[in-house]
1. Anything in the stretch 115-138 that is assigned to a loop (DSSP other than H, G, I, E, B) and either on the phi < 0 side of the Ramachandran plot or touching a helix residue (DSSP H, G or I) at 6+ places or on another chain (Cβ under 6 Å) (or both)? List them, or say none.
2. Please count how many residues of the stretch 75-91 are assigned to a loop (DSSP other than H, G, I, E, B) and either surrounded by 17 or more Cβ atoms within 10 Å (Cβ to Cβ) or under 18 Å from the mean Cα position of the chain (by Cα) (or both).
3. Scan 153, 141 and give me the residue that is crowded, with 22+ Cβ neighbours inside 10 Å and in a loop (DSSP other than H, G, I, E, B).
4. Pull up the stretch 94-114, narrow it to residues that are surrounded by fewer than 18 Cβ atoms within 10 Å (Cβ to Cβ), in a loop (DSSP other than H, G, I, E, B) and touching a strand residue (DSSP E or B) at 6+ places or on another chain (Cβ under 8 Å), then point me to the one that is modelled with the lowest pLDDT.
5. Suppose we filter 133, 72 for residues that are under 22 Å from residue 166 (Cβ atoms), out of contact with any strand residue (DSSP E or B) (no Cβ under 6 Å at 6 or more places or on another chain) and modelled with pLDDT of 95 or more; which single one remains?
């Protein structure tokens, strides 16, 4: 093997060994009365996070999904998860709202006729360190779709499933 090719191969091998796996966190997706509803995984990306959701037991149709500020999915209404992740007050909700600054906003997911939803969502609004702060965070699925503009949560309705991100 010629020296330039050897050096190039060595550089590639050294570069490949220096790559670290992406930071990922996740949890079980729970419904009311601790009913198992699937799982959520959040993976760090260079400019945001990738969220993978596998859910069951949802009503068919569109559902809002948001990052909530606390890693606490109690009680059954998941109110201890707090508000959406945000850094500004007041937080202005809405992916389609020109004044939106709510970091917890995510696109809607669709549940099939059998109540299952499988989705991968990408958010550039938040980074992994913001989700993994001292009190953690949660991914919450709502009963209705997000209209992406209404305050405070886009008309998303009740919280129907929650996963602590840890």
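The values are calculated or read from the model by the stated rules, or taken from the named source; none is laboratory data. Source: prediction; values computed, not measured. Here Cβ is always computed from backbone atoms with ideal geometry, including for glycine, and neighbour counts include all displayed protein chains.
1. 116, 124, 125, 126, 127, 132, 133, 134, 135
2. Taking the stretch 75-91 first, the residues assigned to a loop (DSSP other than H, G, I, E, B) are 75-78, 82-83, 85-91.
Cutting the leftovers down to either surrounded by 17 or more Cβ atoms within 10 Å (Cβ to Cβ) or under 18 Å from the mean Cα position of the chain (by Cα) (or both) gives us 78, 82-83, 85-87, 91.
Going through the stretch 75-91 one residue at a time, the tally reaches 7.
3. Values: 141 fails: in a loop (DSSP other than H, G, I, E, B).
Among 153, 141, only 153 is crowded, with 22+ Cβ neighbours inside 10 Å and in a loop (DSSP other than H, G, I, E, B).
4. Checked the stretch 94-114; the qualifying residue modelled with the lowest pLDDT is 95.
5. Numbers: 133 fails: modelled with pLDDT of 95 or more.
Within the list 133, 72, the selection yields 72.
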